[in-house]
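Take a look at the structure below.
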Amino acid sequence: MGKTNTKSKSVKKTASPEVAIIMGSDSDWPVMKAANDFLQSMGIATIARVVSAHRTPKLMMKFASEAHSKGIKVIIAGAGGAAHLPGMVASITPLPVIGVPIKSSNSIDGWDSILSILQMPNGVPVATVALNGAKNAGILALQIMGASNPKIQQQLLAFKQGMEQEVLQKKLS
Ligand code: C2R
């Protein structure tokens, strides 16, 4: 009685990831890292993985069909060139998918990736951000989560105020 259960206290509970950041290749990571960094700076647990619709179709199917049952709330998917990953994942998952077009080594000029992600058929939306716009994908993911979470909404309002102050304080001469 009154004894502290040191065993259970010493177990550090790691938050399970709420946003999955996937990309067609590890060569996309330097771009996609901006989404990961933003979300982690806001205290959101993330998971980042290479998943390719072209090169690992079975893994892509497994990931997309299981993500919602593992506590993931939003998927951010980046890919370059013939960027089928975001759309294919969106065709399977009930979760919102944010697509990040990437100007990759096999991109002609980036438009290939933008259009592959943007021009989805009716019924299968992918929220597409700017070319290499991974930070905005992170912000949008947080905004989606914030719609049902007042604490996150407060964080977003503080983020916006910080951005405003930064701009107002800029002096050019
Ligand atoms: P490598 O650098 O590995 O050759 O990849 C990746 O996202 C990357 O930008 C070059 C580019 O190929 C893209 N890729 C896709 C998919 N899988 C890989 N667009 C896909 O399934 O959509």
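The values are calculated or read from the model by the stated rules, or taken from the named source; none is laboratory data. Because the structure is predicted, anything quoted here is derived from the model rather than measured. FYI the Cβ positions are ideal-geometry reconstructions off the backbone, even for glycines, and counts take in every protein chain you see.
Side notes on the structure shown:
- Matching residues in segment 1-29 - criterion: being more than 26 Å from Glu66 (Cα to Cα) and either charged (D, E, K, R) or modelled with pLDDT of 95 or more (or both): Lys3, Lys7, Lys9
- Some residue of segment 122-136 being surrounded by 15 or more Cβ atoms within 10 Å (Cβ to Cβ), small (Gly, Ala, Ser), under 22 Å from Pro17 (Cα atoms) and touching a residue at least 60 places away in the same chain (Cβ under 8 Å): yes
- Residues of segment 74-89 satisfying the condition of being under 19 Å from Leu59 (Cβ atoms) and crowded, with 24+ Cβ neighbours inside 10 Å: Ile75, Ile76, Ala77, Gly78, Ala79, Gly80, Ala83, Leu85, Pro86, Val89
- Candidates in segment 121-152 are the residues that are in a loop (DSSP other than H, G, I, E, B) and touching a strand residue (DSSP E or B) at 6+ places or on another chain (Cβ under 7 Å); of these, the one that is farthest from Ser104 (Cα to Cα) is Val126.
- Scanning segment 92-120 for residues that are in contact with a helix residue (DSSP H, G or I) (Cβ under 8 Å, 6 or more places away or on another chain) and either of a type in the set (S, T, N, Q) or in a loop (DSSP other than H, G, I, E, B) (or both) yields Ile92, Thr93, Pro94, Leu95, Pro96, Lys103, Ser104, Ser105, Ser107, Ser116, Met120.
- Exactly one residue out of Lys70, Lys33 is at negative phi and loosely packed, with under 14 Cβ neighbours inside 10 Å, and it is Lys70.
- For Pro30, the criteria (1) within 14 Å of the ligand (Cβ to nearest atom); (2) assigned to a helix (DSSP H, G or I); (3) closer than 24 Å to Met145 by Cβ; (4) free of Cβ contacts under 8 Å to residues at least 60 places away in the same chain hold in every case but one, which is (3).
- Of the set (1) within 12 Å of the ligand (Cβ to nearest atom); (2) surrounded by fewer than 17 Cβ atoms within 10 Å (Cβ to Cβ); (3) charged (D, E, K, R), all apply to Lys62 but (1).
- Residue within segment 78-86 that is more than 8 Å from the ligand (Cβ to nearest atom), in contact (Cβ under 8 Å) with a residue 24 or more places away in the chain and closer than 15 Å to Ala127 by Cβ present: no
- In the set (1) surrounded by fewer than 15 Cβ atoms within 10 Å (Cβ to Cβ); (2) under 16 Å from the mean Cα position of the chain (by Cα); (3) assigned to a loop (DSSP other than H, G, I, E, B), the condition left unmet by Arg55 is number (2).
- Selection from segment 90-116 of residues that are among the β-branched types (Val, Ile, Thr), crowded, with 23+ Cβ neighbours inside 10 Å and more than 9 Å from the ligand (Cβ to nearest atom): Val97, Ile98, Val100
- Residues (outside any loop (DSSP other than H, G, I, E, B) and over 20 Å from Asn36 (Cα atoms)) located in segment 61-89: Met61, Lys62, Ser65, Glu66, Ser69, Gly87, Met88
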